[in-house]
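Only the coordinates and a few stated rules stand behind these numbers; no lab work does. Just so we're clear, the structure is a prediction, and the values are computed from it rather than from any experiment. Here the Cβ is made from the backbone with ideal geometry for all residues, glycine too, and neighbour counts use every protein chain on show.
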Amino acid sequence: MNILLFGAPGAGKGTQSALLVERHRMHHISTGDLFRHAIKNQTPLGKQAKGFMDKGQLVPDEIVVGMVEEEFGKLHGKQFILDGFPRTVPQAKALESILNTHKMRIDKAVFLEVDQGLLMDRLTGRRVCRKCGAVFHVAAKPPKSAGRCDECGGELYQRDDDKAEVIKTRLEAYEASTAPLKAYYEEIGRLVVVDGTGEANQVFSRIESLLRA
Ligand code: AP5
Ligand code: MG
């Protein structure tokens, strides 16, 4: 099964992707992670994306689509989860054409529904491992040892775009450009809406039962 996860910043896309990868060994494609990797390595792609990400704005569609096309070239037929792509209706249309080229399809577009009020706390409390990318939260999922990753012992850091003023712009970009994807996937009969509140494992159980349905 091939799925995409979409929802507001902090809805839990990365957290649920990690659980799905662990259970089903799917290939995880996160456009946010790919951009952060490119920025860390100071590649031309990273340099193009950085200015937009630092401000909390979306990276232009043509840059994102080109990067995703390359990732699909590495899939070799493996099942995948798309996390954070598509994020605009033009990206969703471009994805259809990439899928056609590779004779693949999206089985479910999973929308993680979380009230705006919870998102700021989730994002400002998030900590990420510099080494392996594992995601923690100071209150909801604290690491066993302060500032250190449970998985690999790496240093935990706070993302540059997890500052209150940048989060505000990210939420606005979400409302303006990404929220309309819900209607898009409903119209083509792929939309699955999942309540993204409660503990991460509860959310995961909901996703699992909807994917089986
Ligand atoms: P990206 O990295 O995708 O960021 P995002 O969409 O803003 O989403 P986040 O990663 O912030 O949240 P998430 O839903 O993954 O939540 P998480 O599981 O970590 O993109 C970053 C930037 O890159 C964009 O702003 C844009 O500039 C650019 N970009 C990327 N893709 C693009 C595209 N397609 N087009 C254009 N530009 C693009 O959880 C958050 C926190 O909450 C964690 O601390 C976690 O532990 C905690 N948490 C999770 N679930 C729960 C739960 N159930 N209960 C309590 N806490 C929870
Ligand atoms: Mg994420």
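Summary of values
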{"quantity": "Environment charge of Cys149, counting only residues whose C-beta is closer than 10 Å and scoring Lys/Arg +1, Asp/Glu -1", "calculated": "+2"}
{"quantity": "Full-stretch length increase - His102, Ala200 - with 0.36 nm per residue and alpha-carbon distance subtracted", "calculated": "32.0 nm"}
{"quantity": "Around Leu20: net Lys/Arg minus Asp/Glu count, Cβ-Cβ under 15 Å", "calculated": "+2"}
{"quantity": "Contact order normalised by residue count of the chain, Cα under 8 Å, 6+ apart, percent", "calculated": "30"}
{"quantity": "Calculated [θ] (222 nm, deg cm²/dmol) that DSSP helices of n ≥ 4 give over the chain, each run adding -39,500 (n - 2.57)", "calculated": "-14000 deg cm²/dmol"}
{"quantity": "Geometric extent, Cα atoms of the chain - Rg, Dmax (angstrom)", "calculated": "16.4, 47"}
{"quantity": "Sorted by Cβ neighbour density within 10 Å, fewest at the top, the residues Ile167, Ile81", "calculated": "Ile167, Ile81"}
{"quantity": "Residue among Gly73, Gly147, Gly14 with the largest mean-square fluctuation in a Gaussian network model of the chain, springs linking Cα atoms under 10 Å", "calculated": "Gly73"}
{"quantity": "Ranking of Lys50, Lys103, Lys78 by count of other Cβ atoms within 10 Å, fewest first", "calculated": "Lys103, Lys78, Lys50"}
{"quantity": "Ascending count of other beta-carbon atoms within 10 Å, so fewest first, for Ile29, Ile98", "calculated": "Ile98, Ile29"}
{"quantity": "Neighbourhood net charge (13 Å Cβ-Cβ; Lys/Arg +1, Asp/Glu -1) for Lys40", "calculated": "+4"}
{"quantity": "Sites Glu186 and Leu211, calculated FRET efficiency, Cβ-Cβ separation with R0 22 Å, nearest 0.05", "calculated": "0.80"}
{"quantity": "For the stretch 137-159 versus the stretch 48-110, the gap between their alpha-carbon centres in whole angstrom", "calculated": "29"}
{"quantity": "Sparsely packed GluC sites (Glu not before Pro) within the stretch 101-188, loop by DSSP, other Cβ within 10 Å at most 14", "calculated": "Glu151"}
{"quantity": "Distance between modelled label sites at Ala176 and Arg159, nm, 7 Å Cα→Cβ extension", "calculated": "1.9"}
{"quantity": "Residues Asp54 and Val21, FRET efficiency given R0 of 35 Å [Cβ-Cβ distance, rounded to 0.05]", "calculated": "0.80"}
{"quantity": "For the stretch 46-149: Kirkwood Rh in Å [reciprocal of mean 1/r, alpha carbons]", "calculated": "16.5"}
